1. Quote the convex hull volume per residue of the stretch B:317-572, based on C-alpha atoms, as a whole number of Å³.
2. Short version: what are the Cα gyration tensor semi-axes of chain B, square root of 5 times each eigenvalue, largest first, in whole Å?
3. Return the Cα extents of the stretch B:206-360 along principal axes one, two and three, sorted largest first, each rounded to a whole Å.
4. If I take R0 = 30 Å and measure r between the Cβ atoms of residue B:71 and residue B:149 in this structure, what FRET efficiency does the formula 1/(1 + (r/R0)^6) give, to the nearest 0.05?
5. Under 18 Å from a point placed 7 Å out from the Cα of residue A:51 along the Cα-to-Cβ direction: which residues of the stretch A:15-29 have their backbone N that close?
6. Quick check of the Kirkwood formula: for the protein assembly as shown, what is the inverse mean of 1/r over all pairs of different Cα atoms, in Å?
7. Is the stretch A:151-282 best put as rounded, prolate or oblate by its Cα gyration tensor, with a ≥ b ≥ c the root eigenvalues, rounded for a/c under 1.5, and otherwise prolate when a/b is larger than b/c, oblate when not?
8. At 0.36 nm per residue, and after removing the present C-alpha to C-alpha distance, how many nm does the segment from residue A:35 to residue A:16 gain when stretched out fully?
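Taken together, the values in this text are just the output of simple stated rules run on the coordinates, not laboratory data. Since we're looking at a predicted model, the values are computed, not measured. Glycine also receives a Cβ, built like all others from the backbone with ideal geometry; neighbour counts cover every protein chain displayed.
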């Protein structure tokens, strides 16, 4: 029963919270760039407006892909909040990501194509990192279940500090924040336009936005697991992490996908191995 | 009843094959093939209902098997001499001498070992061979007709072709049901010979070359198999697989002696499953007509290799050797997934993905926990269905568009809507939850979580896998908004495509039942515990939980709703692809208005990341490392 309540809560609260976080993100970014910035609720207004627009599509696959992306993202958040299996959450998250790319590739537009291809490279960079983080958590707790994390007596951050950095790296890639806004970014780039988002418009773009909010909540929720012992600790950790993300986003320029792949895999492997050795030594 | 079933699944294909060899009447061949497929499917299901059994046919059959052994070895030797291939000749001579010594001087109690035995693992294999294999044979009817029309042959070579295809099915059924290791050796050699003949079927320069390579690699495996069986007999004094399995743990505890024959048999399995450094025979096998590739990659041949490795797993459980098998599997899984990502040839992508998935099965056998063995068996089952489906799709596509390059499949949906959709379903069942392949992969990764190096390789490998499947599925759908023209296709091609696609989805939905009925009992039999508890059809263990039905229902509902919404979209809502405001269309192909008012067609291609995943760059290193692991496996694990 509590699980169903939690599921409904996650389903309803996550996108709203995600929208607010995005709004705050935009304000802080504006402040860092000496601008005034939009109201905090602006992302919500945008999406509501988009939802009211008439659908325009290159082909029907895009509509299908937008829906499935949303379903996959929402489902993965529900699974996280109901304390399910970390690896399962990851795989369900992949469903959404795969369909987003399939939708982009389903249009012959070069911008959409290049965005889809680059998004695949982003996935190639962050997916192993996420699995490594989950595997390390499983090494520590002996189980892939989210619920097992909450049975720990002290925050995971003490035992897996380097894995938190790996997670941060994956987070930057997953949220397409600079320097890894390679497949698409919040603002248009000359050679990319909106990359993987280019061909989605109107209500379908709104769905993609909402799905993205779910994903923001999911990755922040996974960050929160690293301070599972206290609620305040979770909030502080997540807030600090996200603030760091925003600062990184603002002070770095985008890198090429080669640098992203090499650095993500190389750094991820080294940090993981060091952290695991340290865990063994303890 | 039992006699009949074993007769039908093993011997009947041999007899039907002989009839097909002399029969030149097209329609009759079609009837016989479809009827045989039906009988095979029904009898494999009946055999499944009957459950485990042991059976000894009349002693005469034992002599026939011995005769068959020498017959096959003789044929292989002749081929080796004709092609002047030293490796084949010497390895075959070694086998002949070894077999004479073994058959006539070493074995004391001829005939006392039951020839056949089946537990749930064998029965699952019989199902895979009989159902998937038969569907591929049926598909072959329509495919070969078109294939030969295309080649303008004066005399049809179909009698030979179907002779070996059907023979192959019988040999595979025999192999997985064999209890007597010598019988298994006979069927093992049968599959080697059949695959050689089928790869070389088109008799082109490249076909002959690749068939020869397949033959020498598999003869090497066959030699390892024979000497493995001889050593096994020396250590255990038995030829009965069931007996050896039952007493396996005591041998493993008693000392390393049994690990040497185990290494040889596992090595034989690895060559048959085309693991690095022997992957080139399977990638070369794609020169054969598509039904052959489908058969080799899904239900027969390579599955025989992993079958023997999984079958023997309880004997080497808990040894260093087992750990090395796991590491080897993990490495090849990652390495060949990378190779697949660097390819644009559809059949080659499928080939490398097969090798990669087989390596995952081998890794599971090496991890050797109840959960890992469950994963291995489920992978064998689901991979056979989805991979057969993918090959048959590529075959149908190739006959229509004249290319197997995935770049040429852009917008395939406009030309072949049904086949493209079936192919997309096939791809989704390969890489996404809640389908069976992914569930098995989940089990594999979770059961590897204690071994971190292995874990890292599995993590990287799964990331790469998503890359090459996803872009393939996406680009097939790149079409302008229009109603696709209906597609004409032979019933013998369309039928197997639909059946396999349906099977891939439906069987995934019933995976809890499959697990309960087929996998859990056999795992519990050899490992004393069942790895997962099923609660409301969800897989649960102390390390994790996989929700089958909630995922199926929620994702299914979402998908259904999305489909309904997309139906409502009208042509009025369709726009052309975004070309920065300069879009034009030439002959229905989207493009943009370039400099000087020229129309430029928009062209795009995939990233193949040659500098990371190029075959020329990676293959050499992969082979060196795989060989090194094999050597360490022998000296560090087995000796």
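1. Output value, Cα hull per residue: 127 Å³.
2. In descending order, the three semi-axes are 40, 28, 24 Å.
3. 50, 29, 21
4. 0.30
5. Zone members listed by number: A:15-23.
6. Across the protein assembly as shown, the inverse of the average 1/r is 28.7 Å.
7. oblate
8. Here the segment from residue A:35 to residue A:16 would lengthen by 4.4 nm.
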